[in-house]
Amino acid sequence: MEIDEENAVSSSAEEPSVVVADDQPMVSAMDSISLQPLQSLTPSVILPPIVPTIAPIPSISRPLAPLPPRPPLLRPQNGELKASDSDSDDDETGPNRASAPEYEVSEESRLIKERQEKAMQEFLMKRRAAALAVPTNDMAVRARLRRLGEPITLFGEREMERRDRLRMLMAKLDAEGQLEMLMKAHEEEEAAGPLAQAEGTEEEIQYPFYTEGSEALLEARKEIAKYSIVRAALRLHRARRKKDDPDEDLDAEVDWALKQAGSLAMDCSEIGDDRPLSGCSFSKDGTMLATCALNGVAKLWSMPQVKKVSTLKGHTERGTDVAFSPMDNYIATASADRTARLWNSEGSLLKTFEGHLDRLARIAFHPSGKYLGTTSFDKTWRLWDVETGEELLLQEGHSRSVYGISFHHDGSLAASCGLDALARVWDLRSGRSILALEGHVKPVLAVSFSPNGYHLATGGEDNTCRIWDLRKKKSLYTIPAHSNLISQVKFEPQEGYFLVTASYDTTAKVWSSRDFKPVKTLSGHEAKVTALDVVGDSSCGHP
């Protein structure tokens, strides 16, 4: 054992050094081991040599790279921005210096935050303004603005704009807590109301919820009511007779009419003008045809010779439509110069109808021949007295431009269609909108009443023709008629046994009104078909 200990001592002595600790210097192994005296050598079992443990690698602390200097923060102090090197809101000696981390906000983020706060304030202001009660009478609005110390009107300001300005002003005062000023102004208005009425210094202006019509419109409504009652009675009597009379074979009559329509063929072709034609109309007896073109000139043609009879010149812009009177040989033309004009068959100008604020689209006569309907891109359609040239009715109701118009064969109803993809039916005797026909997905350009009294056809830019049942107040049938927009729709004017549509796909098509199946396709045009008309003997014309 002594030999083993000596070997252990000698082997330990051969090690150069050991590491005691990380923070103490390295010392010699001889200093830490005490030598024992040698004993007598006795034989013993030789043990394998003990492998000394490997000293751990000393960890050397390396200094970290210094952080880049940060720009000083601008902090408001006493209304001024001062630079600060600290990340905390407190000073270096403050108690909360290391409590919460502080982040630097860039200029762009600050501007975005300010815009968001401003938008939120405006939204809250508008919501608060919407909840306030603001007078609707313009005189009351002016009076309240005057009592609040604001100008009663601004340059170019309208009634609704003035009312909106008052609403925002009241909302601002309410947000600032100045309700006393509002209440005081309201009390002054209530106190000044009876006084103003007693003194009669200011003229009281009443704003009804409807537009009052003139006496001429009232008389026209009475005339239309009398005319339509007689026509409706005759139509119903004829329908009952056809239904009850055993000698009347309605199916055979319809088949004969459809056979006549199916045998339609091109009779003639004539160059109508040096510019494209935009409208056409047959006279009641079918002996004359009127056309209008984009150069503003309308022409009369004798039929069936197709010889030019007269030229109607007077419009300063392109012509948009032409219509023959159902009673006399009067012709009405519409133009983009915002006017409609009435002519006789010799080409003399009789009346000019002025009043629309934008270009005209379609034009139509009332069945009595006494009234004329016009549509315009000013979102209105108007009714005119043919004899006096007076504007009887200015009818709004469409949210976009009004394009097509048609009168019921009884004379009691009018239908209008427009670029808002909507068709409306109006009662001319009361002035009410009795039906709003929704179904087209694009602007509606054509509308036509059937002589049976309860069918209405519309066509538009969605390439479809819809048949509406006025009794059921819904769409009865949808005809996928053409491959391009439908520019005009017309029922056969005597019994309505068939329907004709014109399209920009260069064709016109005839459809059965019994099952709305195609009867005939009229081809021959090389460009868009812009209009068509059907005369009583089932002949058809289109430019």
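The values are calculated or read from the model by the stated rules, or taken from the named source; none is laboratory data. Computed from a predicted model, the values in this text were never measured in an experiment. Glycine also receives a Cβ, built like all others from the backbone with ideal geometry; neighbour counts cover every protein chain displayed. Protein only, heavy atoms only, side chains kept; ligands, DNA and RNA dropped before computing areas. Shrake-Rupley method; radii C 1.70, N 1.55, O 1.52, S 1.80 Å.
Solvent-accessible surface of the stretch 269-316, taken per residue with a 1.4 Å probe and all protein chains present: 51 Å².
What ranking, highest mean first, results for peptides 107-113, 237-243, 445-451 when packing means the other Cβ atoms within 10 Å averaged over each residue? Don't skip to the answer; put the middle values down first.
Numbers: 107-113: 9.6, 237-243: 11.1, 445-451: 23.6.
For the peptides 107-113, 237-243, 445-451, the packing ranking is 445-451, 237-243, 107-113.
One chain, two ends: Asp245 and Glu390. Fully extended at 0.36 nm per residue, the span grows by 47.6 nm beyond their Cα-Cα distance.
Could you tell me which of the pairs Lys259/Lys473; Lys472/Lys528; Lys226/Lys299; Lys284/Lys351; Lys490/Lys520; Lys259/Lys517 are separated by over 24 angstrom between their Cα atoms in the structure shown? Violating the 24 Å Cα-Cα cut-off are Lys259/Lys473; Lys472/Lys528; Lys226/Lys299.
3J(HN,Hα) along the stretch 140-157, derived from phi through the Karplus expression 6.51 cos²θ - 1.76 cosθ + 1.60 where θ = phi - 60°, amounts to 5, 5, 4, 5, 5, 4, 5, 6, 8, x, 10, x, 6, 7, 10, 5, x, 7 Hz, with x in place of Gly and Pro. Near the amide H of Asn463, within less than 5 Å, lie the amide hydrogens of Ile486, all on another chain or at least 5 residues away, with H placed in the peptide plane.
Summarising the amide proton neighbourhood of Ala446: residues at separation of 5 or more, or on other chains, whose placed amide H is nearer than 5 Å comprise Gly459. For the stretch 400-410, the Karplus equation 6.51 cos²θ - 1.76 cosθ + 1.60, evaluated at θ = phi - 60°, returns couplings of 9, 4, 8, 10, x, 8, 8, 10, 5, 5, 6 Hz by residue, with Gly and Pro reported as x.
Between Glu107 and Glu215, the modelled label-to-label distance comes to 7.4 nm, taking each label 7 Å out from Cα in the direction of the beta carbon.
In order along the stretch 226-237, the phi-based Karplus estimate (6.51 cos²θ - 1.76 cosθ + 1.60, θ = phi - 60°) of 3J(HN,Hα) comes to 5, 5, 6, 5, 5, 5, 5, 5, 5, 5, 5, 5 Hz; Gly and Pro are listed as x.
The H on the amide N of Gly279, modeled in the peptide plane, is under 5 Å from the matching H of Cys292, each at least 5 residues off or on a different chain.
Applying 0.36 nm per residue to the separation of Thr153 and Ala225 and subtracting their alpha-carbon distance, the gain on full extension is 21.4 nm.
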